[in-house]
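A short worksheet on the structure shown next.
The values are calculated or read from the model by the stated rules, or taken from the named source; none is laboratory data. Computed from a predicted structure; not experimentally measured. Using ideal geometry, Cβ is built from the backbone for each residue, glycine included, and neighbour counts are taken over all protein chains shown.
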Ligand code: AMP
């Protein structure tokens, strides 16, 4: 029994076959450089890596190629897969929970594309292709926004004309919800506390923070789109909206050009030319002043959110680092929480430097706030949500 998880993103398609009960990954693959003559397809299966290069015109071709490579490797999808879980970025104010996909739901996800033009269209394509390939199993949409749908109004409301906001569905939705929910639950389990007040820092290529009170999110850093909040690999995070008007008026940039600038040519990439944290680290070691500044901007923003969420929560029990940077970059963890002993937060340098793929504590014994590294696993969370819904609706 396994669940196929499809994450059809803006420029790549990730797919993984997961055993939702054991949590084991059976096969995992990636299609990238979509739209290029030399697209890349990789599959990890039974300890081997299969890699192919071929033209991948669009996401539909990309996912079809993913099914081909799975079949070529001998993965029996038809016999074994009981459900397909699809990561869908924007559920707007329509979807608050994992949802069984039918024609109506697919249309509604497509209709939400104006809120997430880079993400929902490839999500829809991924669903269409996967449903054609596996027509006899339930397909479930798991929304990045769902976990945050019940944010308090004070946190989800933008202070703009309320009629315009209502008409155009403008509010703070939050993203990376599957990850924030997964790691916050793991943290509560790990520490054996249901009443945990925690700050979750999901620091990957995209990055977001959330404040979670006894399992319920009360604030998060991303907003109408995944552009708001922390400094990210290629996205600017918080910015004065006046910058947009200024660019429109003074630099003669149209909306698409500004969108591209803020989403793809900003953040670490905008400040240094590279968005990968490992490369940034090398440049800092080489004394590159732009890289040093980019790192300082990144940490400054992160500390601002940590401070804000401490006050929002009132009592803080745990800080959780997750995703590529949060799990691996010990220096980021140390700098984000430096000199906070007065607030009861103290990193243990030795624990912090230890490498592991397991959940672990990196704060000192005496730290009032427990600092944890918890590896995220969005694919497993999606697989479990899909399996749960498939079971309740089909009895599988
Ligand atoms: P994600 O989006 O969660 O896959 O995270 C991607 C980010 O994690 C990239 O910026 C990587 O450079 C960063 N990353 C991955 N491994 C490491 C590492 N060992 N040290 C620092 N950053 C890392």
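Here are 341, 301: which of them is away from the ligand (no atom under 12 Å from the Cβ) and more than 20 Å from the chain's Cα centre (by Cα)?
Working: 301 fails: more than 20 Å from the chain's Cα centre (by Cα).
Going through 341, 301 in turn, just one is away from the ligand (no atom under 12 Å from the Cβ) and more than 20 Å from the chain's Cα centre (by Cα): 341.
Residues in the stretch 278-312 that are in contact with a helix residue (DSSP H, G or I) (Cβ under 8 Å, 6 or more places away or on another chain), free of Cβ contacts under 8 Å to residues at least 40 places away in the same chain and closer than 30 Å to residue 196 by Cα: 299, 303.
Residue-level check: of (1) crowded, with 19+ Cβ neighbours inside 10 Å; (2) part of a loop (DSSP other than H, G, I, E, B); (3) away from the ligand (no atom under 16 Å from the Cβ), residue 170 misses just (1). Among the criteria (1) within 15 Å of the ligand (Cβ to nearest atom); (2) within 21 Å of the chain's Cα centre (by Cα), the one residue 359 does not fulfil is (1).
Confirm whether residue 326 is touching a residue at least 40 places away in the same chain (Cβ under 8 Å) and under 30 Å from residue 86 (Cβ atoms). Considered against the rule, which asks whether it is touching a residue at least 40 places away in the same chain (Cβ under 8 Å) and under 30 Å from residue 86 (Cβ atoms), residue 326 comes out as yes.
Checked against the criterion of being part of a helix (DSSP H, G or I) and either under 25 Å from residue 339 (Cβ atoms) or within 12 Å of the ligand (Cβ to nearest atom) (or both), the stretch 243-250 contains not a single residue that satisfies it. Does residue 306 qualify as being surrounded by 15 or more Cβ atoms within 10 Å (Cβ to Cβ) and away from the ligand (no atom under 16 Å from the Cβ)? In short, yes. Candidates in the stretch 238-275 are the residues that are in contact with a helix residue (DSSP H, G or I) (Cβ under 6 Å, 6 or more places away or on another chain) and under 20 Å from residue 304 (Cβ atoms); of these, the one that is surrounded by the most Cβ atoms within 10 Å (Cβ to Cβ) is 268. Filtered by the rule that a residue be part of a loop (DSSP other than H, G, I, E, B) and within 16 Å of the ligand (Cβ to nearest atom), the stretch 176-215 gives 176, 204, 205, 206. Apart from one condition, residue 380 fits all of (1) crowded, with 20+ Cβ neighbours inside 10 Å; (2) closer than 11 Å to residue 321 by Cβ; (3) within 16 Å of the ligand (Cβ to nearest atom); the exception is (2).
The combined condition, being surrounded by fewer than 18 Cβ atoms within 10 Å (Cβ to Cβ), touching a residue at least 12 places away in the same chain (Cβ under 8 Å) and within 16 Å of residue 121 (Cβ to Cβ), is not fulfilled by residue 73. Going through (1) within 25 Å of residue 219 (Cβ to Cβ); (2) touching a residue at least 24 places away in the same chain (Cβ under 8 Å); (3) not in a helix (DSSP H, G or I) one by one, residue 275 falls short only on (1).
Scan the stretch 97-113 and give yes if some residue there is surrounded by 22 or more Cβ atoms within 10 Å (Cβ to Cβ), touching a helix residue (DSSP H, G or I) at 6+ places or on another chain (Cβ under 7 Å) and part of a helix (DSSP H, G or I), otherwise no. Yes: one or more hits.
Residue-by-condition table, conditions (1) out of contact with any helix residue (DSSP H, G or I) (no Cβ under 9 Å at 6 or more places or on another chain); (2) part of a helix (DSSP H, G or I); (3) crowded, with 16+ Cβ neighbours inside 10 Å:
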position	(1), (2), (3)
14	no, no, yes
26	no, no, yes
53	yes, no, no
67	no, yes, yes
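Given the criterion within 17 Å of residue 130 (Cβ to Cβ), free of Cβ contacts under 8 Å to residues at least 60 places away in the same chain and buried (at least 22 other Cβ atoms within 10 Å of the Cβ), identify the matching residue among 89, 5, 31, 84. Just a single option satisfies the conditions, and that option is 31.
Tell me which residues, restricted to the stretch 315-337, are part of a loop (DSSP other than H, G, I, E, B) and more than 8 Å from the ligand (Cβ to nearest atom).
Across the stretch 315-337, the qualifying residues are 315, 316, 317, 337.
Just one of (1) on the phi > 0 side of the Ramachandran plot; (2) more than 12 Å from the ligand (Cβ to nearest atom) fails for residue 354. It is (1).
Exactly one residue out of 381, 386 is assigned to a helix (DSSP H, G or I) and over 16 Å from residue 101 (Cβ atoms): that is 381. For the stretch 216-233, the candidate set comprises residues that are within 15 Å of the ligand (Cβ to nearest atom) and more than 13 Å from residue 305 (Cβ to Cβ); within that set, the residue that is surrounded by the fewest Cβ atoms within 10 Å (Cβ to Cβ) is 233.
The residues of the stretch 261-273 that are at pLDDT 95 or above and either away from the ligand (no atom under 14 Å from the Cβ) or farther than 7 Å from residue 234 by Cβ (or both), listed by number, are 261, 262, 265, 266, 268, 270, 271, 272, 273.
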